[in-house]
Amino acid sequence: MSRAGAELRIIFSPGRVQLVQEEAMGPAPRVLVTGGTGLLGRAVCREFQNNGWMVIGTGYRRARPRLLRCDLTDEDAVKGLLQEYKPDVIVHCAAERRPDVVERHTEAAVNLNVHATSTLAKEAAANRALFLYISSDYVFDGRNPPYGEDDSPNPLNVYGRSKLEGERETLRHCPGAVVLRVPVLFGEVESVSESAVTSLWLKVQEATETCTLDHCQQRFPTDTRDVAAVCRKLSERGRQDPSIKGIFHFSAKEQMTKYEMAVAMAQAFNLPSNHLIPLTEQLPASTLRPMNSQLNCSRLELLNLSVEPRPFATAITDCLWPFTPDKRWRQTVFH
């Protein structure tokens, strides 16, 4: 039985369900998470829910029960959403984050990555909500890493330029906002193609055919659970301390090429990797990408707002076990 004045809360994590009893406090703070159906948004919603926040998640094409359907490019819809739910914090995860798609469908991507961000920033300021905008290491050209928060951006592609414009719109309309730049992400995926990292799993499993993988571009694959924890810590501190504003960086520390990620996946699952061939010369690409956009994360660390990133081998095992032949049935329990 629960004590008077206490509440029972269910916490879900991969392979585990906990029932936790907590003292009932005042009304829970409210967070609005845009892109709540996406890779990062799902992790952010879960992190805030597991820490006592009331979460309002939004989606559009993939909206589902317990999430609100909202077209973020519709200014009236965004205004109505904020007026109705009055969030204390807005974590803006929604974006077109695939560089090749942004190159092909630039207008639609800019509408979401820039114009919708501008609207949300204006409305956050008008409603006195803390606004946290998720940006990207692709705002840098990758020629002189590591990059600090004050280093000059120089994006190489339309995606990077759209995220940089989103940053500028955020800080122009909402000077007290937080911008969090992150690198390539992976996490609990609905399909392995959802992340540029987990999509390499398909190559790992094709052991009967040789496969060349890039061994030039340096990446820092980062677990969405760690990013979500940083978002929560920034939100909690930012609500109390107005000096928590401006640009922050967060990234895992392991430097890896696509080839090295794939080999690490194979090793984690005791699979062969001799069919994976490192490609050590850069081929012409339709979309330019930075060679090494490593982020210096010292500002977060100095303020004790960072988390220790999960080791890649451990984190990627958590993500991919549902897609191994002998574990696929467990998706019906946890997915």
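Of all residues in region 13-32 being closer than 27 Å to Ile90 by Cβ and in contact with a Phe, Trp or Tyr (Cβ under 8 Å, 6 or more places away or on another chain), which is modelled with the lowest pLDDT? The residue in question is Ala28. Whenever a residue of region 281-292 is touching a residue at least 12 places away in the same chain (Cβ under 8 Å) and within 23 Å of Thr106 (Cβ to Cβ), its partners that are crowded, with 16+ Cβ neighbours inside 10 Å and of a type in the set (Phe, Trp, Tyr), lying with C-beta atoms within less than 9 angstrom and at least six residues away or across chains, give the pairs Thr287/Tyr159; Arg289/Tyr138; Pro290/Tyr138; Pro290/Phe140. Would you confirm whether or not region 98-114 contains a residue that is hydrophobic (A, V, I, L, M, F, W, C), touching a residue at least 40 places away in the same chain (Cβ under 8 Å), within 28 Å of Arg161 (Cα to Cα) and open to solvent by 30 Å² or more (accessible area, probe 1.4 Å)? Yes, because at least one residue in region 98-114 is hydrophobic (A, V, I, L, M, F, W, C), touching a residue at least 40 places away in the same chain (Cβ under 8 Å), within 28 Å of Arg161 (Cα to Cα) and open to solvent by 30 Å² or more (accessible area, probe 1.4 Å). The residues of region 91-127 that are of a type in the set (D, E, K, R) and modelled with pLDDT of 95 or more, listed by number, are Lys122, Glu123. Consider Arg66 carefully, then state whether it is of a type in the set (Lys, Arg), within 24 Å of Ala229 (Cβ to Cβ) and at pLDDT 95 or above. Criteria not met by Arg66.
Among what's in region 143-192 and is hydroxyl-bearing (Ser, Thr, Tyr) and either farther than 16 Å from Phe220 by Cβ or assigned to a loop (DSSP other than H, G, I, E, B) (or both), pick the residue that is most open to solvent (accessible area, probe 1.4 Å). Break it down into steps so the answer makes sense when it comes.
Of the residues in region 143-192, the ones hydroxyl-bearing (Ser, Thr, Tyr) are 147, 152, 159, 162, 170, 191.
Subsequent filtering for residues that are either farther than 16 Å from Phe220 by Cβ or assigned to a loop (DSSP other than H, G, I, E, B) (or both) retains 152, 159, 162, 170, 191.
On the way: Ser152: 97, Tyr159: 21, Ser162: 5, Thr170: 0, Ser191: 49 Å².
So, considering only residues that are hydroxyl-bearing (Ser, Thr, Tyr) and either farther than 16 Å from Phe220 by Cβ or assigned to a loop (DSSP other than H, G, I, E, B) (or both), the one most open to solvent (accessible area, probe 1.4 Å) is Ser152.
Residues in region 258-271 that are within 18 Å of Pro325 (Cα to Cα), open to solvent by less than 70 Å² (accessible area, probe 1.4 Å) and not small (Gly, Ala, Ser): Met265, Phe269, Leu271.
Given the criterion within 17 Å of Cys231 (Cα to Cα), at pLDDT 95 or above and buried (at least 22 other Cβ atoms within 10 Å of the Cβ), identify the matching residue among Gly41, Gly57.
Numbers: Gly57 fails: at pLDDT 95 or above.
Within the list Gly41, Gly57, the selection yields Gly41.
Among all positions in region 247-257, there is no residue which is acidic (Asp, Glu), over 21 Å from Gly187 (Cα atoms), open to solvent by 60 Å² or more (accessible area, probe 1.4 Å) and assigned to a loop (DSSP other than H, G, I, E, B).
So, of the residues in region 276-295 that are part of a loop (DSSP other than H, G, I, E, B) and among the aliphatic types (A, V, I, L, M), which turns out to be nearest to Arg161 (Cα to Cα)?
Filtering first and then ranking leaves Leu288.
Answer with yes or no whether Leu300 is within 17 Å of Phe250 (Cβ to Cβ), out of contact with any helix residue (DSSP H, G or I) (no Cβ under 6 Å at 6 or more places or on another chain) and at pLDDT 90 or above. Before the answer, list the steps.
Details: within 17 Å of Phe250 (Cβ to Cβ): yes; out of contact with any helix residue (DSSP H, G or I) (no Cβ under 6 Å at 6 or more places or on another chain): yes; at pLDDT 90 or above: yes.
Here the answer is yes, as Leu300 does meet what is asked.
The values are calculated or read from the model by the stated rules, or taken from the named source; none is laboratory data. Every value quoted in this text rests on a predicted model; they were computed, and no experiment measured them. Reconstructed Cβ throughout: ideal geometry from the backbone, glycine too, with neighbour counts over all protein chains shown. When the accessible area is computed, the model is the full protein with side chains, heavy atoms only, and any ligands, DNA or RNA have been set aside. Shrake-Rupley method; radii C 1.70, N 1.55, O 1.52, S 1.80 Å.
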